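Structure first, commentary second.
The values are calculated or read from the model by the stated rules, or taken from the named source; none is laboratory data. Note that this is a predicted model, so its numbers are computed, not measured. With ideal geometry, Cβ positions are generated from the backbone for all residues, glycine too; neighbour counts draw on all protein chains shown. To get the accessible areas, we keep the full protein, side chains included, count just its heavy atoms, and leave off ligands, DNA and RNA. Shrake-Rupley method; radii C 1.70, N 1.55, O 1.52, S 1.80 Å.
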Amino acid sequence: MGHSLQARYGLKRVINASGRMSILGVSAPTDSVMEAMKQGGQQYVEIADLVDKSGEYIARQLGSEGAVVVNSASSGIALSVAAFVTSGDPRLSLRLHQEPVLKNEIIMLKGHNVQYGAPVETMVFLGGGRVVEVGYANEGRKEHIEQAIGERTAAILYVKSHHAVQKNMISVEEAWEVAERRGVPMIVDAAAEEDLRKYVKYSDLAIYSGSKAIEGPTSGIVAGKMKYVEWLKVQLHGIGRSMKVGKETTFGLLQALEEYQDKSDNSERERQALEALLPLAGLPGVSIRVVQDEAGRAIFRGRIQIDSSVAGVDARHVNDLLRQGVIAIYTRDYGVKQGYFDIDPRSLQGDDLQVIVSRIHEIVGGNKNE
């Protein structure tokens with residue numbers, strides 16, 4: 001059924017070996033999540049009531065005072081920034097970008113101003129904030145944040161992500177210590193993190209993706225202190241109106257969250273599945289090893305390293321050909337310039353792994369001029 005639906009609209013079959021990537025539709029929700037979306041979508045509900053009740057339910061699951069469902073972690077950033085810039089003032093919220101605001105500076109470590117499909121700073125500006133970068137690309141310390149705090153400071157934004165520089169950067173706990181001591185609100189963008197309860201402890205507002213680790217529909221969660229969640233809800237009648245969440249999405253997310261609590265840890269099984277890649281080490285210039293996620297999550301990936309002088313083809317070219325085939329194979333390709341790419345097993349389905357192996361055999365095993 002899946003392939004025929006794609007074929008019906010002229011879409012390629014895609015093998016997602018890149019993890020939870022937005023460009024491929026992030027994740028594949030379970031039947032029970034899709035069923036909740038169907039039932040939720042086919043009935044009417046008072047949306048304002050749904051916003052409040054779903055928020056209460058999520059807050060209980062995450063151990064926060066309050067929460068609100070948003071349409072993505074990206075809009076979570078924009079709306080959280082808008083909440084602090086306007087302090088929940090209804091007039092300022094409706095006239096965001098039209099009225100000057102004194103306290104609009106959002107302090108961010110330079111190594112956290114990343115591009116994840118859109119730049120973090122773009123979302124901050126959308127929310128009426130002005131980014132103040134502190135520290136350096138290879139160093140982010142407590143005093144860098146502290147020295148930038150002034151009368152124009154609206155909030156500190158800490159980005160917990162594999163995209164961010166990991167080396168020489170203070171932890172979320174250390175940043176929170178500064179925020180608390182100086183009485184400055186702190187937002188944590190923890191979009192892809194798996195520990196849903198941790199980041200609400202070290203922030204005033206924490207942002208999660210609803211479709212990455214949780215594997216719900218495309219959505220986001222902002223959870224934290226009740227006062228600030230209420231400030232954020234004011235934005236739903238301003239810029240948030242263009243980011244609204246359908247009822248079916250909210251019901252799907254709640255179901256996914258319920259299932260997430262009992263989700264078994266598959267990392268060991270995924271690690272073993274990656275052994276199917278080992279035969280590729282028989283190809284000239286190809287070596288295979290298993291690596292753990294950069295941001296420390298319990299995620300294991302198969303790293304395919306290609307020595308171009310022996311293989312006659314480099315990692316970037318192999319990766320391009322994988323993507324351009326009849327079946328589009330997307331790897332986690334942050335390392336192609338260093339001669340490798342990774343296979344993330346979490347989103348693989350059916351015979352995906354076998355297709356990847358045979359395709360790499362085709363590309364590297366002699367057919368150079370493809």
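Spacing of the modelled spin labels on ASP52 and ARG197, each 7 Å from Cα toward Cβ, amounts to 2.8 nm. Across HIS317, HIS144, the residue with the most accessible area heads the list, and the full order at a 1.4 Å probe is HIS317, HIS144.
Rounded if a/c is under 1.5, else prolate if a/b is larger than b/c, else oblate: which is segment 114-172, with a ≥ b ≥ c the root eigenvalues of its Cα gyration tensor?
Oblate.
May I ask you to derive the FRET efficiency for HIS361 and ARG130 from their Cβ-Cβ distance with R0 = 51 Å, giving the value to the nearest 0.05?
With R0 = 51 Å, the Cβ-Cβ based efficiency is 0.45.
Taking a point 7 angstrom from the Cα of LEU11 along the C-beta vector, which residues in segment 332-348 have backbone N less than 17 Å away? Backbone N within reach: 347-348.
For the chain, the mean residue ellipticity at 222 nm estimated from helices alone is -11000 deg cm²/dmol, where every DSSP H run of n ≥ 4 contributes -39500 (n - 2.57) and the total is divided by all residues, rounded to the nearest 500.
Dividing the mean sequence gap of close Cα pairs (under 8 Å, 6+ apart) by how many residues segment 303-367 holds gives a relative contact order of 35 percent. Annotation for GLN349 and TYR334: the two label points, set 7 Å from Cα along the Cα-Cβ direction, are 2.6 nm apart. Taking Rg and Dmax of the Cα atoms in Å as the quantity of interest, determine which of (i) 24.4, 70; (ii) 27.8, 97; (iii) 22.1, 67 was computed from the displayed structure. Read-out taken from this structure: (iii). Dividing the mean sequence gap of close Cα pairs (under 8 Å, 6+ apart) by how many residues segment 263-313 holds gives a relative contact order of 33 percent. Which residue, ALA311, ALA78, ALA48, tops the fluctuation ranking in a GNM of the chain built on C-alpha contacts under 10 Å? Result: ALA48 has the largest fluctuation of those listed.
Alpha carbon centre of segment 243-286 versus segment 97-137: separation in Å? Spelled out, the Cα-based centre of one part sits 31 Å from the other.
When the chain is treated as a Gaussian network with alpha carbon springs shorter than 10 Å, the biggest mean-square fluctuation among SER209, SER267, SER219 belongs to SER267. Projected label points at ALA118 and ILE23, each 7 Å from Cα along the beta carbon direction, are separated by 1.7 nanometres.
Across VAL310, VAL222, the residue with the most accessible area heads the list, and the full order at a 1.4 Å probe is VAL310, VAL222. For the pair GLU143 and MET226, the difference between a 0.36 nm per residue extended length and the Cα-Cα distance amounts to 27.0 nm. Note on the chain: GNM, Cα springs under 10 Å; of VAL188, VAL81, VAL132, the largest mean-square fluctuation is that of VAL132. LEU92 exposes around 50 Å² of accessible area when a 1.4 Å probe is run over every protein chain in place.
Excluding GLU177 itself, what net charge comes from residues whose Cβ is under 13 Å from its Cβ, given Lys and Arg +1 and Asp and Glu -1? Computed value for this residue: 0.
With R₀ set to 30 Å, the beta-carbon distance separating GLU275 from SER4 gives a calculated FRET efficiency near 0.40.
What pairs from LYS12/LYS38; LYS201/LYS227; LYS110/LYS233; LYS53/LYS244; LYS201/LYS247 go past 18 Å between their alpha carbons?
LYS12/LYS38; LYS110/LYS233; LYS201/LYS247
Among the lysines, which fall within straight-line cross-link reach of LYS337, defined as a Cα-Cα distance under 21 Å, with same-chain neighbours fewer than 8 residues apart omitted? LYS337 reaches LYS167, LYS368.
For the residues SER358, SER27, a 1.4 Å probe over the protein chains yields an accessible-area ranking, largest first, of SER358, SER27.
Under 8 Å for C-alpha pairs, at least 6 residues apart: give me the relative contact order for the chain, rounded to a whole percent.
For the chain, the relative contact order is 22 percent.
Potential lengthening of the chain between ALA295 and LYS167 amounts to 45.0 nm, from the contour at 0.36 nm per residue minus the alpha-carbon distance. Between segment 61-86 and segment 314-369, the C-alpha centres lie 37 angstrom from each other.
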